[in-house]
1. How many times 2.2 N^0.38 Å is the alpha carbon radius of gyration of the stretch 16-107?
2. Would you mind computing, in nm to one decimal, how far apart the modelled labels at Asp102 and Ala183 are, each placed 7 Å from Cα along Cα→Cβ?
3. Excluding Val144 itself, what net charge comes from residues whose Cβ is under 9 Å from its Cβ, given Lys and Arg +1 and Asp and Glu -1?
4. At most 12 other Cβ atoms within 10 Å plus a DSSP loop assignment makes a site exposed; report the longest stretch of the chain without any exposed GluC sites (Glu not before Pro).
5. Find how many whole Å separate the alpha carbon centroid of the stretch 181-196 from the alpha carbon centroid of the stretch 217-275.
6. Run the dipole for the stretch 3-271 about the Cα centre, Lys and Arg Cβ at +1, Asp and Glu Cβ at -1, nothing else charged, and hand back the magnitude in debye, nearest 20.
7. Evaluate the distance, in nm, between pseudo-label points positioned 7 Å from the Cα of Ala167 and of Arg84 along their respective Cα→Cβ axes.
8. State the extension gain, in nm to one decimal, for the chain segment bounded by Lys115 and Ser233, taking 0.36 nm per residue of separation less the distance between their alpha-carbons.
Amino acid sequence: MSSAEGKRAASEAVTVARLRAMKEAGQPVACLTAYDYGFAAACERAGVDLLLVGDSLGMVVQGQETTLPVTVDDVVYHTRCVARACRRSLVVADLPFMSHTDVASGLHTAGRLVKEGGARMVKLEGGADQAALVERLAESGIPVCGHLGLKPQRIHKLGGYRVQGRALVDAEAMESDARALEAAGADLIIVECVPAPLARHLSAQLGIPVVGIGAGAGCDGQILVLHDALGVSAQPPRFARDFSDGAGSVQQALAAYVDAVRTGTFPGPEHEFEA
Ligand code: KIV
């Protein structure tokens with residue numbers, strides 16, 4: 001690739017097709033969460049490929065104990081703020097807890113996130129149980145990201161934020177969920193807190209990109225909660241790294257994150273969970 005082509009590629013909007021091409025080229029996708037205009041603009045300048053307006057906003061922005069109280073209006077508002085800053089980065093918005101209990105409500109919520117928020121993809125927690133909704137969203141032209149592994153919207157069932165998929169039966173169920181999402185038309189899957197060998201296997205098996213958080217270096221891309229990546233969180237998870245450490249500015253910390261993901265130096269073995 002000539003340097004002019006390289007520059008053009010770096011400035012092109014990240015699309016579903018681009019994410020696929022990055023997977024095929026073995027180029028890791030650098031993703032972060034974002035919740036407001038200023039930080040989204042800084043992420044965009046740093047070259048972050050995908051910005052997720054996650055329902056983690058309930059915890060890191062609103063100070064709630066879980067993500068469960070987050071409303072569709074909350075996500076629409078924060079997505080709008082983030083989308084105003086983004087030309088290149090792909091803006092993805094989360095479907096909050098109980099906002100997609102059936103296909104009709106899920107379509108309605110996703111429609112709001114796209115039409116009112118300006119999202120270019122929606123994310124939902126779940127696997128085969130969400131396949132009918134994913135299929136209808138895909139038919140409606142709305143790109144979808146599935147979310148497997150640790151699903152924070154199920155925290156009261158799980159009883160804690162723990163690694164998922166360690167037992168063979170759970171790993172097999174996760175793989176079948178991932179295949180169901182892909183078959184239904186999902187464009188991307190986030191896997192959270194899963195053993196590194198399982199995440200590597202899923203990434204190798206699926207045609208769509210698999211982005212990991214606490215899932216090891218074998219994924220097609222990485223995502224962190226912005227506050228964990230910038231050392232703002234009081235109790236960051238073990239799989240996060242504070243990129244502000246040694247950086248001269250927030251902008252440099254974000255650039256260091258993108259560089260570490262692209263060059264495969266993050267996550268390291270110390271951020272992984274074993275099977
Ligand atoms: O809500 C969120 O920010 C997320 C990420 C942790 C993947 O789901």
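1. Taking N as the residue count of the stretch 16-107, the ratio is 1.16.
2. According to this spin-label approximation, the distance is 2.4 nm.
3. Spelling it out: positives minus negatives among the neighbours equals 0.
4. Here the longest run is 66-273.
5. Cα centroid to Cα centroid, the span is 20 Å.
6. The calculated dipole for the stretch 3-271 is roughly 480 debye.
7. Between Ala167 and Arg84, the simple spin-label model gives 4.9 nm.
8. Details: separation 118, 0.36 × 118 = 42.48 nm, distance 3.17 nm.
Length difference between fully extended and current span is 39.3 nm.
Values quoted throughout were computed directly from the atomic coordinates according to the rules given, and no laboratory measurement underlies them. These numbers come from a predicted model, not from an experiment. FYI the Cβ positions are ideal-geometry reconstructions off the backbone, even for glycines, and counts take in every protein chain you see.
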